[in-house]
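**Q** Please read through the structure below; I'll follow up with questions.
All of the numbers you see were taken from the coordinates with simple rules; none came from a lab. Because the structure is predicted, anything quoted here is derived from the model rather than measured. Ideal geometry is used to build each Cβ from the backbone, glycine not excepted, and the neighbour counts take in all protein chains shown.
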Amino acid sequence: MFFFFVGGVNQQVSRVLKSGAGRCINCGSTADLVEYEKVLKAFFVPVWKWPAKEPALFCNNCNLLFPSSLPPPPPPPLVSDVSKCRFCDRLVEPDFSFCPYCGSAL
């Protein structure tokens, strides 16, 4: 006998408790404190929902849901005489017009 199942558990925001309560650990933008629920889906159809145990932070910019117990990200570095390529994230001189590593325009 062969059984084929397509499904999984997702998390979705149910309500915002406090807007702008923290900072995202991924992109650094503001994150909201939210209540969320876990959703069991079978063949992409929600079958069962249950509430999560504690509130979490949700970033509207990158759609990341993460626990509020994680430490906040470090503050962005001050402007220095070295900049980063936005494509390969390598350090380049500020007077360069193109990245010497990947060749993209800065």
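**Q** Can you give me the long-range amide H partners of Ala21? Hydrogens built in the peptide plane at 1.01 Å from N, cutoff under 5 Å, separation of 5 or more residues or another chain.
**A** Result for Ala21 returns Ala31, Asp32, Leu33.
**Q** Near Asp32, within a Cβ-to-Cβ distance under 14 Å, what is the net charge of the other residues, with Lys and Arg +1 and Asp and Glu -1?
**A** Net of charged neighbours comes to +2.
**Q** Compute the convex hull volume of the Cα atoms of the chain, divide it by the residue count, and report the result per residue in Å³ as a whole number.
**A** That works out to 179 Å³ per residue.
**Q** Springs between alpha-carbon pairs under 10 angstrom, Gaussian network model over the chain: which of Cys62, Cys85, Cys27 fluctuates most?
**A** Fluctuation is largest for Cys85.
**Q** Note the full-extension length gain between Arg86 and Phe2 as 0.36 nm times their separation in residues minus their Cα-Cα distance, in nm to one decimal.
**A** 25.4 nm
**Q** Related question: Please count, across the chain, the pairs of lysine residues with Cα atoms under 27 Å apart that sit 8 or more places apart or on different chains.
**A** 7
**Q** With each label point set 7 Å from Cα along the Cα-Cβ vector, what nm distance links Leu17 and Lys49?
**A** Spacing of the two 7 Å Cα→Cβ label points: 1.8 nm.
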